[in-house]
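Each reported figure results from applying straightforward, stated rules to the coordinates on display, with no laboratory input. Just so we're clear, the structure is a prediction, and the values are computed from it rather than from any experiment. Quick reminder, even Gly has a Cβ in these numbers, built from the backbone with ideal geometry, and neighbours come from all protein chains shown.
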Amino acid sequence: MSHPIAAGSVPVPHDTLRTWATACLQAVDMPADDAAELADSLVQTSLWGVDSHGIARLTHYLDRLTRGSIKARPQLQITRSGPCTAQVAGDAGQGIVVAHKANRLAMEIARENGVAAVGVNDSSHCGAIGLYTRAAARQGFVAFAFTHADSIAAPHGGTRPYFGTNPISIAFPRAGAEPTCLDMATTSIPWNRVMNARREGHPLPPDVAIDAHGQPTTDADAAIAVTPLGGEQYGHKGYAMALMVDLLCGPLNGAPFGAHIPPMFKDLDAPRRIGAFFIVIEPARFAGGAMLAAVVAQLAGELALEPGSPRMPGDPERDHDAQRRAEGIPIEPALAEQMRVWSQRLGVAAPL
């Protein structure tokens with residue numbers, strides 16, 4: 001399936017963006033390995049077509065890194081609290097870097113003991129959480145990931161923001177293909193889509209955001225909150241999921257929740273204090289483990305033969321990846337200008 005490029009966008013090779021992002025991050029004192037991992041994660045997210053969490057977020061991270069509200073060289077504290085549990089205190093580090101370390105720890109524990117639950121506290125925005133579940137599923141694990149955010153979503157029946165988009169990801173290994181991966185917000189859309197629409201001057205879809213009067217709006221500049229998954233009638237489902245994710249990532253980790261989480265885009269000098277939670281399962285410990293990846297592939301094949309040819313979660317991202325690796329990642333005009341400004345500020349060659 002072909003995905004058209006928005007008017008005015010310029011396609012940039014993914015390797016070019018990865019090189020540029022790595023250089024920018026090293027210019028703000030991030031260690032080379034962490035810079036490469038963060039750059040690769042953002043570019044990979046854009047390759048999947050998840051532009052709300054992809055390379056467009058780098059300039060925000062650079063702003064916080066230069067202000068010190070994200071530390072370029074945090075001193076993580078890792079506590080193995082039991083055979084299958086651990087806590088990672090992120091020391092206000094960059095959330096994607098911290099989350100990868102916590103997820104790798106969860107995989108290590110799961111290899112040893114069959115299952116792992118790893119909490120993260122004192123971190124920051126960790127990007128698309130499908131990064132972590134896919135990484136674990138590629139190693140043969142079943143993986144869950146959760147994180148939360150500041151108040152950008154109205155509770156069902158509410159008229160002002162309280163919860164974050166509070167996403168959930170679950171991934172299974174799949175023989176002969178990329179993992180089957182659910183990666184979804186518990187809201188109608190991620191808040192970053194609102195920010196992207198503001199930057200580029202695009203309208204929002206109907207019924208995904210409300211204004212200061214609690215009324216639906218398609219004006220990104222007027223939006224003060226996104227709505228829970230499920231819409232006006234069934235939003236109680238997305239709202240309840242968001243609440244449970246917040247409890248899992250916030251209070252369980254000794255981290256703030258809901259309206260108490262410092263905002264992502266308003267006070268850029270304040271650390272975020274974000275939590276996350278990772279669960280990794282070794283399939284071999286269960287009756288179906290040896291054949292699990294093959295059965296997932298069988299399920300995908302059977303679904304493809306059903307009327308309408310239903311697809312597996314994660315397959316559209318796989319298609320985006322193939323297309324964008326061949327054609328480039330589209331960079332919209334306002335983002336291109338931000339890239340030029342940061343390139344000049346940091347003394348790095350601009351990617352456009």
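Normalised by the number of residues in the chain, the average gap of Cα pairs under 8 Å and 6 or more apart makes the relative contact order 23 percent. Across segment 339-352, rounded Karplus estimates of 3J(HN,Hα) from the backbone phi angles (6.51 cos²θ - 1.76 cosθ + 1.60, θ = phi - 60°) give 5, 5, 4, 5, 4, 5, 5, 9, x, 10, 5, 5, x, 10 Hz, Gly and Pro being marked x. Simple rule: put +1 on each Lys or Arg Cβ and -1 on each Asp or Glu Cβ in the chain, find the dipole, and look at 123, 144, 233; the Cα lying farthest toward the positive end is 123.
Each Lys and Arg adds +1 at its Cβ and each Asp and Glu adds -1 at its Cβ; summed about the Cα centre, segment 246-339 shows a dipole of about 320 debye.
What does the charge dipole of the chain about its Cα centre add up to, to the nearest 20 debye, if the Cβ of each Lys and Arg holds +1 and the Cβ of each Asp and Glu holds -1?
600 debye
Please label the shape of segment 123-166 as rounded, prolate or oblate, based on the square roots a ≥ b ≥ c of the eigenvalues of the alpha-carbon gyration tensor (a/c under 1.5 means rounded; beyond that, a/b larger than b/c means prolate, else oblate).
Details: a/c = 4.94, a/b = 2.65, b/c = 1.86.
Cα axes put segment 123-166 in the prolate bin.
For the chain, what does -39500 (n - 2.57) per DSSP helix run (n ≥ 4), summed and divided by total residues, give at 222 nm, in deg cm²/dmol to the nearest 500?
The helix-only estimate for the chain comes to -12500 deg cm²/dmol at 222 nm.
Distance from the alpha carbon centroid of segment 59-88 to that of segment 118-162 works out to 15 angstrom. The stretch between residue 290 and residue 33 holds 89.1 nm of extra length on full extension. This uses 0.36 nm per residue minus the Cα-Cα distance. Amide hydrogen proximity for residue 163: with H placed 1.01 Å from N in the peptide plane, the residues at 5 or more positions away or on another chain lying under 5 Å are 152, 153.
Segment 324-352 and segment 31-47 have their alpha-carbon centroids 15 Å apart. Counting neighbouring Cβ atoms within 10 Å and putting the fewest first, the residues 25, 42, 252 line up as 252, 42, 25. Excluding same-chain neighbours fewer than eight residues apart, the aspartates and glutamates reachable from residue 237 by a Cα-Cα span under 15 Å are 246. Comparing Cα centroids, segment 185-234 and segment 300-322 end up 28 angstrom apart.
Which value, in debye to the nearest 20, describes the size of the charge dipole of segment 281-329 about its Cα centre when Lys and Arg Cβ atoms bear +1, Asp and Glu Cβ atoms bear -1, and nothing else is charged?
Numbers: 5 positive and 8 negative charges, 26 e Å.
Rounded to the nearest 20 debye, it is 120 debye.
Each residue of segment 294-311 was assigned a 3J(HN,Hα) from its phi angle through the Karplus curve 6.51 cos²θ - 1.76 cosθ + 1.60 (θ = phi - 60°); the sequence is 5, 5, 4, 5, 4, 4, 4, x, 5, 4, 4, 8, 6, x, x, 6, x, 9 Hz, with glycine and proline shown as x.
Based on the alpha-carbon gyration tensor of the chain and its eigenvalue square roots a ≥ b ≥ c, which shape applies: rounded if a/c is under 1.5, prolate if not and a/b is larger than b/c, or oblate? Walk me through the numbers on the way to the answer.
Working: a/c = 1.19, a/b = 1.15, b/c = 1.03.
Note, shape of the chain comes out rounded.
Straight-line cross-link reach from residue 266 at under 24 Å between alpha-carbon atoms covers these lysines, not counting any fewer than eight positions away in the same chain: 71.
Decide, for segment 214-320, between rounded, prolate and oblate: order the square roots of the alpha carbon gyration tensor eigenvalues as a ≥ b ≥ c, take rounded if a/c falls under 1.5, and otherwise choose prolate if a/b is larger than b/c, else oblate.
Working: a/c = 2.48, a/b = 1.49, b/c = 1.67.
Oblate is the answer for segment 214-320, as a/c is 1.5 or above yet b/c matches or exceeds a/b.
Rank-order 99-106, 244-251, 8-15 by packing density, defined as the average count of other C-beta atoms within 10 Å over each peptide's residues, highest first.
On the way: 99-106: 23.9, 244-251: 20.8, 8-15: 15.8.
Ranked from most to least packed, the peptides come out as 99-106, 244-251, 8-15.
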